[in-house]
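The values are calculated or read from the model by the stated rules, or taken from the named source; none is laboratory data. A quick note: this is a predicted structure, and the numbers were derived from the prediction, not measured. Cβ coordinates were reconstructed from backbone atoms using ideal geometry, including for glycine residues, and neighbour counts include every protein chain displayed.
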Amino acid sequence: MEERFLHFLWQYQYIAKPLSGIDGESIEVIRPGYLNSDSGPDFSDAKIIIDRITWAGSVEIHTKASEWFTHQHDRDQAYENTILHVVWEPDQVITRKDGSVIPTLSLKNKVDPIIYDNYRKLIKSPLSVPCSKHISSIDQLTKVSTLDRVLMERLIVKSKVVNDFVEQTKGDWEEATYRLFSKNFGFKVNSEQFLRLSKSVPLKIITKSNSLKDVEALFFGQSGLLEEAQLDDYSTELKEIYRFKAHKFKLAPSVLSHEWKFMRMRPANFPTIRIAQLSKLLFEVKHLFSWIIESSDYKIITEKLKVSQSDYWVSHFNFSKSSKKPTYGLGQSSVENVVMNTVVPLLIAYGKYIDDQQLIDRAVEFLQKIPAENNKITRMWESLSWPAQTAFDSQAQIELNNSYCQKKRCAFCVIGRQLISPQA
């Protein structure tokens, strides 16, 4: 017997009624509680009537009651609020620190064997998507509700990156947004280098810049790339500006030139081009956070993000090296990437922070305006006759695959639950 299966039984109350504890006390579940993904008891905020007395608190679940001691819960204050111990095998009496017995419910002989059989068939499946053979029989409403749920889970996880930046900047949403945009302008390959770059040049210095070259000088100087530049009129001017700015603001390069990755990359995606584009965006939009929060029009946001770098970087992909083909700004796919990984998580994070559902709805709406991603995971779902139409679908399918299918968490998937239930 697996503990996560017991979690499933308890969460959805697939348990034969009436219930009674191992000592004969009557048990009525008013609210099973909420599954806890962090440390502490498995379910929090439960409400249960035990022998006509209503209790509110936590529920802990084990395959064997003795695991309470094996896991050292008896030494953890967080478990003192446990009102019910749910187990498969009640092999030991469990008490709190004060000696009082924790009521124990055994699920053995309380579960329809069909449920467990259906569950085992799914989690023991050798297929990468355990329910592959059943997908075609799943109704559209169930599929939609599955995507809705897992997408929001994915967006909440992504928004935690924003929350981390807000915490690091002591509640400064503008500075946090600046760091988020910078990090994502690195597009995975150079994301950490871009993040370090933004941390080394506070936004207030950028907003005080009087010209685009001032911003470019700050970024290229801090990037270490300007120091290695072969001299031409442009790089010479940037070096002079940077020398003055570095002295004034006590700056020192935050990234070494060799840390930037250029290999196996199209010139349009070179970090030099991305730095130039980020410089242009920050020079044109002084307050990115306010602009994003106040902009409800997807088209306006994407048009502004199609930022075209300064003339020098239209005709160059590196210092003193002219490009054969001009580069005219951030491409459509890159703009969509920025919206998905920067704008959307920001709207979710701030929407939850101020409890504004409209911002959250706007984030979801933006995803529905972006074409579906084309990658190994979305192609896999398409082969199962479940093609993604928009980024809303593809982002949800990625989360469904990574967090449920690959981890065999079928019991907590809307589709899996339908297949496991006795009616399946």
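Of all residues being hydroxyl-bearing (Ser, Thr, Tyr) and within 27 Å of the chain's Cα centre (by Cα) in segment 1-45, which is modelled with the lowest pLDDT? Just the residue, please. Break it down stepwise before answering.
Start the filter on segment 1-45 by keeping residues that are hydroxyl-bearing (Ser, Thr, Tyr), which leaves 12, 14, 20, 26, 34, 37, 39, 44.
Then drop every residue that is not within 27 Å of the chain's Cα centre (by Cα), which leaves 12, 34, 37, 39, 44.
Details: 12: 92, 34: 94, 37: 80, 39: 83, 44: 94.
Across segment 1-45, the extreme among qualifying residues is 37.
Looking only at segment 132-157, count every residue that is within 23 Å of the chain's Cα centre (by Cα) and not β-branched (Val, Ile, Thr) and tell me the total.
So the count comes out to 10.
Would you be able to say whether some residue in segment 337-360 is of a type in the set (Asp, Glu), surrounded by fewer than 21 Cβ atoms within 10 Å (Cβ to Cβ), at pLDDT 95 or above and assigned to a helix (DSSP H, G or I)?
First, the residues of segment 337-360 that are of a type in the set (Asp, Glu): 355-356.
Checking which are surrounded by fewer than 21 Cβ atoms within 10 Å (Cβ to Cβ) leaves us with 355-356.
Next, from what is left, pick out any that are at pLDDT 95 or above: 355-356.
Narrowing the set further to residues that are assigned to a helix (DSSP H, G or I) leaves none.
No, because not a single residue in segment 337-360 is of a type in the set (Asp, Glu), surrounded by fewer than 21 Cβ atoms within 10 Å (Cβ to Cβ), at pLDDT 95 or above and assigned to a helix (DSSP H, G or I).
Among the residues of segment 108-144, count how many are loosely packed, with under 14 Cβ neighbours inside 10 Å, of a type in the set (D, E, K, R) and touching a residue at least 24 places away in the same chain (Cβ under 8 Å).
Residues flagged as loosely packed, with under 14 Cβ neighbours inside 10 Å, of a type in the set (D, E, K, R) and touching a residue at least 24 places away in the same chain (Cβ under 8 Å) within segment 108-144 amount to 0.
Using beta carbons and a limit of 8 Å, which pairs, at least six apart or on different chains, have the first residue in segment 1-14 and within 16 Å of residue 404 (Cβ to Cβ) and the second one among the acidic types (Asp, Glu) and modelled with pLDDT of 90 or more?
Pairs that qualify, where the first residue is within 16 Å of residue 404 (Cβ to Cβ) and the partner is among the acidic types (Asp, Glu) and modelled with pLDDT of 90 or more, are 7/42.
Which of the residues that make up segment 227-271 are of a type in the set (Lys, Arg) and crowded, with 16+ Cβ neighbours inside 10 Å? Steps first, please.
So in segment 227-271, the residues of a type in the set (Lys, Arg) come out as 239, 243, 245, 248, 250, 261, 264, 266.
Matches in segment 227-271: 239, 245.
Of all the residues that make up segment 88-101, how many are in contact (Cβ under 8 Å) with a residue 24 or more places away in the chain and either assigned to a loop (DSSP other than H, G, I, E, B) or within 36 Å of the chain's Cα centre (by Cα) (or both)? So that I can check it myself, show each step before the final result.
Initial filter on segment 88-101 (in contact (Cβ under 8 Å) with a residue 24 or more places away in the chain): 88-94, 101.
From the residues that got through so far, the ones that are either assigned to a loop (DSSP other than H, G, I, E, B) or within 36 Å of the chain's Cα centre (by Cα) (or both) too are 88, 90-94.
The total comes to 6.
Quick one: which of 137, 58, 106, 66 is assigned by TED's automatic domain parsing to the domain that holds residue 407 and of a type in the set (Ser, Thr, Tyr)?
Details: 58 fails: assigned by TED's automatic domain parsing to the domain that holds residue 407; 106 fails: assigned by TED's automatic domain parsing to the domain that holds residue 407; 66 fails: assigned by TED's automatic domain parsing to the domain that holds residue 407.
The conditions single out 137.
Might you check whether a residue that is basic (Lys, Arg), within 25 Å of residue 343 (Cα to Cα), touching a residue at least 12 places away in the same chain (Cβ under 8 Å) and out of contact with any helix residue (DSSP H, G or I) (no Cβ under 7 Å at 6 or more places or on another chain) occurs anywhere in segment 239-252?
Our first condition is that a residue be basic (Lys, Arg); within segment 239-252, this holds for 239, 243, 245, 248, 250.
With the extra rule that they be within 25 Å of residue 343 (Cα to Cα), the set shrinks to none.
Within segment 239-252, none of the residues are basic (Lys, Arg), within 25 Å of residue 343 (Cα to Cα), touching a residue at least 12 places away in the same chain (Cβ under 8 Å) and out of contact with any helix residue (DSSP H, G or I) (no Cβ under 7 Å at 6 or more places or on another chain).
In this structure, does residue 239 turn out to be in contact with an Asp or Glu (Cβ under 9 Å, 6 or more places away or on another chain) and assigned to a helix (DSSP H, G or I)?
Numbers: in contact with an Asp or Glu (Cβ under 9 Å, 6 or more places away or on another chain): yes; assigned to a helix (DSSP H, G or I): yes.
Against the criterion (in contact with an Asp or Glu (Cβ under 9 Å, 6 or more places away or on another chain) and assigned to a helix (DSSP H, G or I)), residue 239 qualifies.
Of the conditions (1) crowded, with 16+ Cβ neighbours inside 10 Å; (2) assigned by TED's automatic domain parsing to the domain that holds residue 389; (3) in contact with a Leu (Cβ under 8 Å, 6 or more places away or on another chain), residue 87 clears all except one; give me its number.
(2)
Could you please let me know if residue 135 is at pLDDT below 95 and in contact with a Leu (Cβ under 9 Å, 6 or more places away or on another chain)? So that I can check it myself, show each step before the final result.
Numbers: at pLDDT below 95: yes; in contact with a Leu (Cβ under 9 Å, 6 or more places away or on another chain): yes.
Against the criterion (at pLDDT below 95 and in contact with a Leu (Cβ under 9 Å, 6 or more places away or on another chain)), residue 135 qualifies.
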